[in-house]
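Read the structure below first, then the notes.
The values are calculated or read from the model by the stated rules, or taken from the named source; none is laboratory data. This is a predicted model, so every value here is computed, not measured. Here the Cβ positions follow ideal geometry from the backbone for every residue, glycine too, while neighbour counts run over all protein chains shown.
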Amino acid sequence: MENRVRITIDAQGVADVCLVRSDKMNALDFEMFDAIAAAITRLQTEPGLRVVVLHGEGKAFCAGLDMGRMAKLSAGEPGGMRDLRPRTHGIANSAQYLGLGWRELPVPVIAAVHGVAFGGGLQLALGADIRLVTADLKMSVMEIKWGLVPDMAGVALMRGLVRDDHARELTYTGRVVLGDEAVQLGLATRVCADPLAEAMAMAQAMAQRSPCALRADKRLMNLASRTLDETAAACLMAESVEQVALMGQPNQLEAVRANLEKRTPLFHD
């Protein structure tokens, strides 16, 4: 896990969770998926935990799916995909757990987001309770670019944050938004000059509050947002079914190849 995610917990119970694949802009390969899932699982039972700060090392928070995986998928090579339909984590599969898992942690999670948060990287950030971002941050529901749908609980998480028509526009177009617009749309909480420093200061302030009250607050907020209800379960299963039906099909492969080859795609109905 250490070559993908580093966890440091201080004496006040603040966990610093850092994505450390900076040479790839913290892109999501299978090792990164597994490392993030392992981090969430560890934190669920971490003694004395008060607050979690999630961020990425280097130039970006997370650039989304690893391009090497996309290249394998376009070439039809093994290792390009996993079966998304089995429910491995309650109502979620292993990929959706990377988004929903932060909501399921019993303590507040603050994401410090800079550089880019594309596709799976955006969905990862949406799982946090609070998202502090830079003004020049770039966010995108990027999956449409690759002929796919958001499949890391993105739709279920967005529906509690973003107005329905905005969520549809972002999902249908893959349009890139900057930090200030992300705040206006509900994708981010507020813009900061130094999101990580602000996140750490906020976490330290929260850590001075009653841990029982913080955990109760988290339970109440989750109940009020209804992110994890039966409707969400149906939405999560639908994400997986739609994604499995798209992956590896001619138009999806054409989307990947056209992007990799930097040309206009030729789709067929």
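Out of segment 1-17, which residues are in a loop (DSSP other than H, G, I, E, B) and in contact with a strand residue (DSSP E or B) (Cβ under 9 Å, 6 or more places away or on another chain)? Spell out the reasoning first.
Looking only at segment 1-17, we keep the residues that are in a loop (DSSP other than H, G, I, E, B), and these are 1-4, 10-13.
Across segment 1-17, the qualifying residues are MET1, ARG4, ASP10, GLN12, GLY13.
Read through the list (1) in contact (Cβ under 8 Å) with a residue 12 or more places away in the chain; (2) touching a Pro at 6+ places or on another chain (Cβ under 8 Å); (3) surrounded by 14 or more Cβ atoms within 10 Å (Cβ to Cβ); (4) not basic (Lys, Arg), then give the number of the only condition that ALA258 fails. Status for ALA258: all satisfied but (1).
Got at least one residue in segment 208-221 being at pLDDT below 90, under 18 Å from ARG159 (Cβ atoms) and either aliphatic (A, V, I, L, M) or in a helix (DSSP H, G or I) (or both)? Within segment 208-221 (the criterion being at pLDDT below 90, under 18 Å from ARG159 (Cβ atoms) and either aliphatic (A, V, I, L, M) or in a helix (DSSP H, G or I) (or both)), the answer is yes, since at least one residue qualifies.
Considering segment 222-269, the residues that are within 30 Å of GLY160 (Cβ to Cβ), assigned to a loop (DSSP other than H, G, I, E, B) and hydrophobic (A, V, I, L, M, F, W, C) include one that is farthest from the chain's Cα centre (by Cα), namely MET247.
The set of residues in segment 132-149 that are in contact with a Leu (Cβ under 8 Å, 6 or more places away or on another chain), in a loop (DSSP other than H, G, I, E, B) and on the phi < 0 side of the Ramachandran plot comprises ALA135, ASP136, LEU137, VAL141, LEU148, VAL149.
Within segment 57-86, track down each residue that is modelled with pLDDT of 70 or more and either within 23 Å of ALA156 (Cβ to Cβ) or assigned to a helix (DSSP H, G or I) (or both).
From segment 57-86, those modelled with pLDDT of 70 or more are 57-68, 86; that's our starting set.
Passing the criteria: PHE61, CYS62, ALA63, GLY64, LEU65, MET67, GLY68, PRO86.
From the list THR231, THR189, THR227, which residue is at pLDDT 90 or above, among the hydroxyl-bearing types (Ser, Thr, Tyr) and under 30 Å from TRP146 (Cβ atoms)? Only one candidate qualifies: THR189.
Taking (1) assigned to a loop (DSSP other than H, G, I, E, B); (2) more than 25 Å from PHE30 (Cβ to Cβ); (3) touching a strand residue (DSSP E or B) at 6+ places or on another chain (Cβ under 9 Å) in turn, VAL162 satisfies each apart from (3).
What about LEU170, is it outside any loop (DSSP other than H, G, I, E, B), surrounded by 14 or more Cβ atoms within 10 Å (Cβ to Cβ) and in contact with a Ser or Thr (Cβ under 9 Å, 6 or more places away or on another chain)?
Working: outside any loop (DSSP other than H, G, I, E, B): yes; surrounded by 14 or more Cβ atoms within 10 Å (Cβ to Cβ): yes; in contact with a Ser or Thr (Cβ under 9 Å, 6 or more places away or on another chain): yes.
The answer is yes for LEU170.
Of the residues making up segment 182-197, those that are assigned to a helix (DSSP H, G or I) and buried (at least 16 other Cβ atoms within 10 Å of the Cβ) are ALA182, VAL183, LEU185, PRO195, LEU196. With respect to the conditions (1) touching a helix residue (DSSP H, G or I) at 6+ places or on another chain (Cβ under 9 Å); (2) surrounded by fewer than 20 Cβ atoms within 10 Å (Cβ to Cβ), GLY147 lacks only one, and its number is (2). If the condition is being out of contact with any Gly (no Cβ under 7 Å at 6 or more places or on another chain) and surrounded by 15 or more Cβ atoms within 10 Å (Cβ to Cβ), then segment 235-247 contributes CYS235, LEU236, MET237, GLU239, SER240, GLU242, GLN243, VAL244, MET247.
Among the residues making up segment 18-53, those that are assigned to a strand (DSSP E or B) and surrounded by 23 or more Cβ atoms within 10 Å (Cβ to Cβ) are LEU19, LEU28, VAL51, VAL52, VAL53. Being among the hydrophobic types (A, V, I, L, M, F, W, C) and either at pLDDT 95 or above or over 30 Å from ASP165 (Cα atoms) (or both) is a property that LEU196 has.
Within segment 116-131, none of the residues are in contact with a Pro (Cβ under 6 Å, 6 or more places away or on another chain) and in a strand (DSSP E or B).
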